[in-house]
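Contents: one structure, followed by commentary.
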Amino acid sequence: MPADLSPIDKAKFAAAKRAVDFVTDGMRVGLGTGSTAAWMVRCLAERVREEGLRITGVPTSSRTAELARSLGITVVGLDEAKWLDVTIDGADEFDPQLNLIKGGGGALLQEKIVATASDQMIVITDAAKAVQQLGAFPLPVEVVPFGWQTTKALVEETLVSMDVLGRETSLRMNGGNAYVTDEGNYIVDLHLNRIGNPRQLALVLNQIPGVVETGLFIDICDIVVIGHGDGKIELRDVNQGTVEHDQINFADAKNIFADLGD
Ligand code: 5RP
């Protein structure tokens, strides 16, 4: 393992490495987006190379598609795959019910469509993303560019009657310009601090014309795999109500790190 990998990166890697054990031959796999998901794509690619694992990947962003292809994973669009066995993705926050905030990386729309079209969604994460209540991480809301300021104002008006602690909103920027998603939309981040009723908030925000989707993933995630910097793993299965513990041996992953050029 590269000596300069931070404890957080080791934790993300450990979660990703354990999660790809859920993938078996012939599966159609949703490939998430973000730094944790990128580890997962590398770990899957290693299994494809080393074990001859045959899988079809459905990426949730152009970034992930490019990475997966470059590592030799067969990639198709969701319309070709139609239904997936499993999606493995990162998250920005998860609560005890495994409700999530996602979209810190801007890919929430494709991520939600792909995860919803999967038999199972597995979230891979480090322990720092566990919260009792969602909302410390700004909630991303994807909006169409047409009339975005009006949509943002309607979102702000809606927040007045919602059980949240903060009500600031900001247009996500990329340098001096609005950040543009793979779908050509903008993202408004909601600085809510605490979300009292995530299900209600998701339903209400989705009613606003101009809102395409929110980063609240309610009842979508089935399993969370929490990695730690020392390779310890905790697996929480919300459907079974079980918690398991495991351990990743970093020495087993030397091929993945060799690919990274270390
Ligand atoms: C991208 C996402 C990511 O899964 C989320 O932001 C976590 O990213 P990272 O693994 O880099 O911490 O939702 O839209």
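The values are calculated or read from the model by the stated rules, or taken from the named source; none is laboratory data. Because the structure is a prediction, the values reported are computed rather than measured. So basically every Cβ, Gly included, is an ideal-geometry build from the backbone, and we count neighbours across all protein chains shown. The area values use the complete protein model at the heavy-atom level, side chains included, leaving out ligands, DNA and RNA. Shrake-Rupley method; radii C 1.70, N 1.55, O 1.52, S 1.80 Å.
General observations
- Put a dot 7 Å past the Cα of GLU168, heading toward its Cβ, do the same for GLN149, and the two dots end up 2.1 nm apart.
- Distance cut-off 19 Å, percentage of C-alpha pairs in the stretch 101-151 lying past it: 43 percent
- Low-density loop positions, chymotrypsin sites (Phe, Trp or Tyr not before Pro), the stretch 116-205 - DSSP coil, at most 14 other Cβ in 10 Å: PHE146
- Rounded to the nearest whole angstrom, the semi-axes of the ellipsoid equivalent to the stretch 21-133, taken from the Cα gyration tensor as √(5λ), stand at 22, 14, 13, largest first.
- Partners for LYS254 among aspartates and glutamates (Cα-Cα distance below 14 Å; same-chain residues under 8 apart left out): GLU46, GLU50, ASP262
- Exposure of LEU203 as accessible area (Å², to 10), given a probe of 1.4 Å and all protein chains: 110 Å²
- With the simple spin-label model, which puts each label point 7 Å out from Cα in the Cβ direction, the ASN206 to ARG49 separation comes to 4.0 nm.
- Pairs exceeding 28 Å between alpha-carbon atoms, taken from LYS12/LYS112; LYS12/LYS152; LYS17/LYS129: LYS12/LYS152.
- Scaling the Cα radius of gyration of the stretch 193-234 by the globular reference 2.2 N^0.38 Å produces a ratio of 1.67.
- Kirkwood hydrodynamic radius of the chain, from inverse mean 1/r over distinct Cα pairs, in Å: 18.8 Å
- Accessible-area composition of the chain, carbon plus sulfur, in percent [1.4 Å probe]: 49 percent
- Per principal axis, descending, Cα span of the stretch 32-95 in whole Å: 36, 26, 21
- Relative intensity of the stretch 139-213 on a log10 scale, I(q)/I(0) at q = 0.16, 0.17, 0.26 Å⁻¹, equals -0.52, -0.59, -1.27, per a Debye sum over C-alpha point scatterers of equal strength in the absence of solvent.
- Environment charge at GLN247 (Cβ cut-off 12 Å; Lys +1, Arg +1, Asp -1, Glu -1): -2
- Our compactness index for the stretch 152-262, the C-alpha radius of gyration over the empirical 2.2 N^0.38 Å, is 1.50.
- Neighbour cut-off at most 15 other Cβ (10 Å), DSSP loop, trypsin sites (Lys or Arg not before Pro), the stretch 29-97: ARG54, LYS82
- Sum of side-chain charges, VAL212 neighbourhood, beta-carbon under 11 Å (Lys, Arg +1; Asp, Glu -1): -2
- Its relative contact order, with pairs defined as Cα atoms under 8 Å and 6+ residues apart, puts the stretch 147-242 at 22 percent.
- Neighbour net charge for VAL155 - beta-carbon separation under 15 angstrom, K R +1, D E -1: -3
- Take the chain with all the other protein chains still there, run a 1.4 Å probe, and you get 44 Å² of accessible area per residue.
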